[in-house]
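These notes are about the structure you will find just below.
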Ligand SMILES: Cc1cc2nc3c(=O)[nH]c(=O)nc-3n(C[C@H](O)[C@H](O)[C@H](O)COP(=O)(O)O)c2cc1C
Ligand code: SF4
Ligand code: SF4
């Protein structure tokens, strides 16, 4: 059995890649499982050291990750946890958003790593980069992961996002103003009925089971965690989430 377990949530693939890369480099037998996997709690229970990864949404952790931790709080007692937060630009205290909750549930926080990755909000133009620039971000993140793995092994792990100044930067940088976006599930994707061909792809990949097909067209409820998975996989670009127009469907594989 591996000495370390990766556990992640990933809407568009960035965090999955980072956590898988980290645990593989730490231990050849290292595996990573999604919080959506039916086996995730069994895997967590069987390991003492866990790398927890998630994307940053508005300088916060996704609501689906917060709920996963709360629901399984007993499993995290006395576990040693290293946190990876991926982001398009900046999060302030992204790693600490889960660290504070996990510590409350008696987990031991080993360290935190912030990784800049391609921005997945493809219906807003602001942070869009060229394919080459996004590829370069991944190359740089991979280099940083290699260093971080060695530092964790040496007993000198990164502590990114975990101090007081990071906390202030996260809180006042964004989280305070956009808290409502990640505190509840209320946003729902907009679906262009004329574009939707009723293929059901969004239905099968939504981690919240938030979309159904009715009369041959996708219909969304309002339990969205804003992961952009449906948006990025729709074959006809029929969905938007925070913006009004599809600029780019962003998936890790496009840039790797
Ligand atoms: C709703 C939403 C809000 C986001 N907010 C931030 C943010 O506050 N700061 C940031 O740097 N990136 C932000 N991002 C970008 C993602 O954190 C980034 O693209 C991440 O690597 C996506 O990971 P994934 O591919 O594993 O889902 C946001 C993305 C989404 C979908
Ligand atoms: S993936 Fe796109 S086309 Fe397919 S059902 Fe969903 S919204 Fe419609
Ligand atoms: S509706 Fe789309 S963006 Fe919202 S949780 Fe489901 S897949 Fe993610």
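Modelling each spin label as a point 7 Å along the Cα-to-Cβ direction, I'd like the residue 1/residue 100 distance in nm, to one decimal.
3.3
Sort 96-105, 34-43 by the packing proxy (mean of other Cβ within 10 Å over each peptide's residues), most packed first.
Peptide ranking by packing, descending: 96-105, 34-43.
Once the Cα atoms of helix 131-153 and of the chain are each reduced to a long axis, what angle between those two axes, in degrees from 0 to 90 to the nearest 10, is obtained?
Once rounded, the angle reads 20 degrees.
Compute the long axis of helix 94-104 from its Cα atoms, compare it with the longest principal axis of the Cα atoms of the chain, and write down the angle in degrees, 0 to 90, nearest 10.
So the inclination is approximately 60 degrees.
Semi-axes, largest first, in whole Å: what does sqrt of 5 times each Cα gyration tensor eigenvalue give for segment 121-256?
Working: eigenvalues 220, 78, 43 Å².
Here the semi-axes work out to 33, 20, 15 Å.
May I ask what percent, to the nearest 5, of DSSP beta bridges between residues of segment 1-135 are antiparallel?
On the way: 1 of 24 bridges.
Once the DSSP bridges in segment 1-135 are tallied, antiparallel ones form about 5 percent.
How far apart, in nm, are the 7 Å Cα→Cβ label points at residue 80 and residue 130?
So the label points at residue 80 and residue 130 sit 4.4 nm apart.
What's the whole-number percent of alpha carbon pairs in segment 52-119 lying beyond 19 angstrom?
For segment 52-119, the fraction of Cα-Cα distances above 19 Å is 26 percent.
How big, on average over all directions, is the shadow cast by the Cα convex hull of segment 5-182, in nm²?
With the hull built on Cα positions only, its mean projection is 10.0 nm².
Ranked highest first by the average count of other Cβ atoms within 10 Å around their residues, in what order do 61-72, 154-165 fall? Working shown, then result.
Numbers: 61-72: 18.9, 154-165: 14.9.
Ranking the peptides 61-72, 154-165 by packing returns 61-72, 154-165.
Could you work out how far apart the two model spin labels at residue 256 and residue 186 are, taking each label as a point 7 Å from the Cα in the direction of the beta carbon, and quote it in nm?
It is 3.6 nm.
Just to be sure I understand: of the beta bridges DSSP finds with both ends in the chain, what percent are antiparallel, rounded to 5?
25
Relative contact order of segment 5-182, please, whole-number percent, based on alpha carbon pairs below 8 angstrom and at least 6 residues apart.
Details: 333 pairs, mean separation 42.2, N = 178.
Relative contact order comes out at 24 percent.
What ranking do 22-32, 195-205 get when scored by the average of other Cβ atoms within 10 Å per residue, highest first?
Those peptides, ordered most packed to least, come out 22-32, 195-205.
Between the alpha-carbon centers of segment 29-81 and segment 177-219, tell me the distance in whole angstrom.
Here the two parts' Cα centres lie 24 Å apart.
Kirkwood hydrodynamic radius of segment 1-58 from all distinct Cα pairs, in Å?
Details: mean 1/r = 0.0887 Å⁻¹.
The Cα-based Kirkwood calculation yields 11.3 Å.
Which residue, 91, 106, 59, tops the fluctuation ranking in a GNM of the chain built on C-alpha contacts under 10 Å?
106
If N is the number of residues in segment 190-240, what value comes out of its Cα radius of gyration divided by 2.2 N^0.38 Å? Write down the numbers at each step before the final one.
Working: Rg = 9.5 Å, N = 51, 2.2 N^0.38 = 9.8 Å.
Normalised Cα radius of gyration, segment 190-240: 0.97.
Mean residue ellipticity at 222 nm from the helices of the chain, using -39,500 (n - 2.57) per DSSP H segment of n ≥ 4 over the full residue count, to the nearest 500 deg cm²/dmol?
Rounded to the nearest 500, it is -10000 deg cm²/dmol.
Bear in mind that the values in this text are calculations on the coordinates, not laboratory data. The model shown is predicted, which means the values in this text are computed figures rather than measured ones. Because the Cβ atoms are built from the backbone with ideal geometry, glycine has one as well, and the counts that use them run over all protein chains shown.
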